[in-house]
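Trainee: So that we are looking at the same thing, I have put the structure below in structure tokens.
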Amino acid sequence: MAKTHTSIVIFGASGDLTWRKLIPALYNNFKKGRLIECANVIGFARRSYTDESFRERLREGVEKFSPESFDVETWNEFSKMLHYFRGNLDHADDFAKLHNFLHELEISNANRLYYLATAPSFYASVAGFLGAAGMSKEDEDAGTWRRIIIEKPFGHDLASAQALNHAVHAAFEERQIYRIDHYLGKETSQNILFFRYANTIFEPIWNRRYVNNVQISVAESVDVGKRAGYYDKSGVLRDMFQNHLFQLLALVAMEAPASFDADAVRNEKAKVFQSIRPVDLNDTVRAQYEGYLQEEGVAPDSQTPTYAALKLFINNWRWQGVPFYLRSGKALKHKSSEIVIEFQRPPHLMFDLPKGRDITPNVLSICIQPDEGIQLRFEAKVPDSDQDMRSVNMDFEYEDFFDGASIPEAYERLLLEALDGDASLFTRSDEIEASWKIIDPIINGWTERSQPELATHKKGEWGPEESVELLARDGHQWRFGCAEHRLK
Ligand code: BG6
């Protein structure tokens, strides 16, 4: 719950993120009674909005992106909190002016949450300007805080991430910095730790003795669309793996923290990244969907992968020798994010199965989206057969169990946590740097050694054949739990 007078300042307030995600998230929190004491939301951008025209534009965003919760009365109340400040991110003066503007708006001492929703090239300079204007300094006597939320991407390689950390640390202490990875704000990602550590039956088998392999798939059906200019310089490893897939990996693979405290949780996640063995290029697949080169903004000879699959290993007692297969891509058959834990086969099979039939290993699927839930697949005897068996499912679907409780957008939770000062759903500097240390050599290897070759796949498929082969080499296959019905 946000406490006494807080100003939320959004830099880059005329951009897409603000009207598509941030304001709808704040509006929904307001509607749920969670922002009552939060006094002001100030948009900072260069365009010449007035408060009125700014509010009008944001209202369209809420109506469009959160239609089910929009109502005029709540909006009218909420919109009183919204203000616009016209300023230039390059002008130090404008930060000093913003400082005064905020002082006038804030009735008494206020907390401040700065949100960097700008192009990444501004992150370091805006943090610097805030520091120089004295706007990052907390007032211990008044007990007010200053925090900064930084959007992704956090750097484009290790060196740039380190440089950015360095620049931001010059103005803010680590405890004031909240690096966003919206995957951590997803309800189903948050549930991973509850599933593992609020139950006793899973953790004893959550290790190399019982787990045969782990698969993390984040498939998107959309192509790069209008974002080709950014995407072509980035590619799928930077856009999806270094952050989202690696965060899911950490949640699945980490040891139990002693408490739910942000640093206790992040210490354990950081250890996972530090224990990942350097990835062998032979264990990687990179591909482009057909038609990518024709997208507007893509270089005609671009080698940027829109799809990748990796096999990696975690060098510790729990996971030694267990392959983790990760894949993600655009323009695939369906949108589906899922974590699959495939367990070992029984050590001895006493059943006399009909000829040609084999058993399927137990598979636990954690469905991140869109079919939010968890599914456990196990073998059962086919009724009225001698010894035949079939795989059946035990299903938990959010819809069924949490009556009427719709799953909130990730940004709703993340903004609340930042206002609350709980950074457990945000990435710490060491996590970011350790994850770039794994990604950089793969990208460099692909560029320098041109290995493996860039594969292609048709739009609307599940990826290239090479990705199937990556697992087939080990006698494995990509499994779909919750997304299985989408295969048909
Ligand atoms: C973003 C990436 O971080 O995540 C996008 O930049 C991607 O390319 C998006 O489409 C996926 O997020 P979600 O929540 O739709 O799975």
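The values are calculated or read from the model by the stated rules, or taken from the named source; none is laboratory data. What you are looking at is a predicted structure, and each value in this text was computed from that prediction instead of being measured. A quick note on method: Cβ atoms are made from the backbone with ideal geometry, for glycine too, and the neighbour counts reach across all protein chains shown. Please note that ligands, DNA and RNA were not included when accessible areas were found on the heavy atoms of the full protein model with its side chains. Shrake-Rupley method; radii C 1.70, N 1.55, O 1.52, S 1.80 Å.
Trainee: Out of 199, 111, 207, 191, report the one residue that is more than 29 Å from residue 84 (Cα to Cα) and either crowded, with 17+ Cβ neighbours inside 10 Å or touching a helix residue (DSSP H, G or I) at 6+ places or on another chain (Cβ under 9 Å) (or both).
Mentor: Among 199, 111, 207, 191, only 191 is more than 29 Å from residue 84 (Cα to Cα) and either crowded, with 17+ Cβ neighbours inside 10 Å or touching a helix residue (DSSP H, G or I) at 6+ places or on another chain (Cβ under 9 Å) (or both).
Trainee: So, in the stretch 214-239, how many residues would count as being surrounded by fewer than 17 Cβ atoms within 10 Å (Cβ to Cβ), among the hydroxyl-bearing types (Ser, Thr, Tyr) and either assigned to a strand (DSSP E or B) or more than 9 Å from the ligand (Cβ to nearest atom) (or both)?
Mentor: Looking only at that region, the number is 1.
Trainee: Out of everything in the stretch 333-357 that is under 25 Å from residue 221 (Cα atoms) and either open to solvent by 60 Å² or more (accessible area, probe 1.4 Å) or free of Cβ contacts under 8 Å to residues at least 60 places away in the same chain (or both), what residue ends up being nearest to the ligand (Cβ to nearest atom)?
Mentor: 335
Trainee: From the list 401, 396, which one is open to solvent by 80 Å² or more (accessible area, probe 1.4 Å) and without any contact (Cβ under 8 Å) to a residue 40 or more places away in the chain?
Mentor: Residue meeting the stated conditions: 401.
Trainee: Among the residues of the stretch 56-71, is any part of a helix (DSSP H, G or I), more than 20 Å from residue 419 (Cβ to Cβ), open to solvent by less than 10 Å² (accessible area, probe 1.4 Å) and out of contact with any His (no Cβ under 8 Å at 6 or more places or on another chain)?
Mentor: The answer is yes; a qualifying residue exists.
Trainee: Report whether or not residue 76 is part of a helix (DSSP H, G or I), surrounded by fewer than 17 Cβ atoms within 10 Å (Cβ to Cβ) and out of contact with any Phe, Trp or Tyr (no Cβ under 8 Å at 6 or more places or on another chain).
Mentor: The answer is yes for residue 76.
Trainee: Then there's this: Quick one: residue 327 ticks every box in (1) at pLDDT 95 or above; (2) open to solvent by 40 Å² or more (accessible area, probe 1.4 Å); (3) closer than 25 Å to residue 254 by Cβ bar one, so which box is it?
Mentor: Failing condition for residue 327: (2).
Trainee: If you go through the stretch 197-213 one residue at a time, do you hit one that is within 16 Å of the ligand (Cβ to nearest atom) and either at pLDDT 95 or above or over 30 Å from residue 364 (Cα atoms) (or both)?
Mentor: no
Trainee: Let me ask something additional. Across the stretch 376-387, which residue is surrounded by the fewest Cβ atoms within 10 Å (Cβ to Cβ) among those that are part of a strand (DSSP E or B) and of a type outside the set (A, V, I, L, M, F, W, C)?
Mentor: 381
Trainee: Answer yes if at least one residue in the stretch 359-372 is over 30 Å from residue 244 (Cα atoms) and open to solvent by 60 Å² or more (accessible area, probe 1.4 Å), and no otherwise.
Mentor: The answer is no; no qualifying residue exists.
Trainee: In addition: Hey, any hits in the stretch 258-275 for a residue that's more than 16 Å from the ligand (Cβ to nearest atom), in contact with a helix residue (DSSP H, G or I) (Cβ under 6 Å, 6 or more places away or on another chain), open to solvent by 20 Å² or more (accessible area, probe 1.4 Å) and on the phi < 0 side of the Ramachandran plot?
Mentor: yes
Trainee: Looking only at the stretch 366-373, decide whether some residue is on the phi < 0 side of the Ramachandran plot, in contact with a His (Cβ under 9 Å, 6 or more places away or on another chain) and in contact (Cβ under 8 Å) with a residue 24 or more places away in the chain.
Mentor: yes
Trainee: Could we say that residue 406 is within 30 Å of residue 67 (Cα to Cα) and among the hydroxyl-bearing types (Ser, Thr, Tyr) here?
Mentor: Yes; evaluated as a whole, the condition is true for this residue.
Trainee: Of everything in the stretch 444-465, what is surrounded by fewer than 20 Cβ atoms within 10 Å (Cβ to Cβ) and closer than 25 Å to residue 338 by Cβ? Give them in sequence order.
Mentor: Answer for the stretch 444-465, where residues must be surrounded by fewer than 20 Cβ atoms within 10 Å (Cβ to Cβ) and closer than 25 Å to residue 338 by Cβ: 452, 455, 456, 458, 459, 460, 461, 465.
Trainee: Please go through the stretch 114-123 and give me each residue that is surrounded by 20 or more Cβ atoms within 10 Å (Cβ to Cβ) and either farther than 12 Å from residue 89 by Cα or among the aliphatic types (A, V, I, L, M) (or both), ordered by number.
Mentor: Of everything in the stretch 114-123, those that are surrounded by 20 or more Cβ atoms within 10 Å (Cβ to Cβ) and either farther than 12 Å from residue 89 by Cα or among the aliphatic types (A, V, I, L, M) (or both) turn out to be 114, 115, 116, 117.
Trainee: Yes or no: the stretch 357-368 includes at least one residue that is within 23 Å of residue 194 (Cβ to Cβ) and acidic (Asp, Glu).
Mentor: no
Trainee: Going through the stretch 290-337 one residue at a time, which ones are of a type in the set (Val, Ile, Thr) and under 22 Å from residue 434 (Cβ atoms)?
Mentor: Matches in the stretch 290-337: 314, 322.
Trainee: Can you tell me which of (1) open to solvent by less than 40 Å² (accessible area, probe 1.4 Å); (2) within 20 Å of residue 43 (Cα to Cα); (3) not in a helix (DSSP H, G or I) is the one residue 152 doesn't meet?
Mentor: Against the list (1) open to solvent by less than 40 Å² (accessible area, probe 1.4 Å); (2) within 20 Å of residue 43 (Cα to Cα); (3) not in a helix (DSSP H, G or I), residue 152 comes up short only on (1).
Trainee: Mind listing whichever residues of the stretch 79-93 are assigned to a helix (DSSP H, G or I) and either in contact with a Lys or Arg (Cβ under 8 Å, 6 or more places away or on another chain) or open to solvent by less than 20 Å² (accessible area, probe 1.4 Å) (or both)?
Mentor: 79
Trainee: State all residues of the stretch 145-160 that are within 16 Å of the ligand (Cβ to nearest atom) and not β-branched (Val, Ile, Thr); if no residue qualifies, say none.
Mentor: Scanning the stretch 145-160 gives 151, 152, 153, 154, 155, 156.
Matching residues to (1) free of Cβ contacts under 8 Å to residues at least 40 places away in the same chain; (2) more than 16 Å from the ligand (Cβ to nearest atom); (3) not small (Gly, Ala, Ser):
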site	(1), (2), (3)
300	yes, yes, yes
303	no, yes, yes
315	no, yes, yes
321	no, yes, no
324	no, yes, yes
328	no, no, no
331	no, no, no
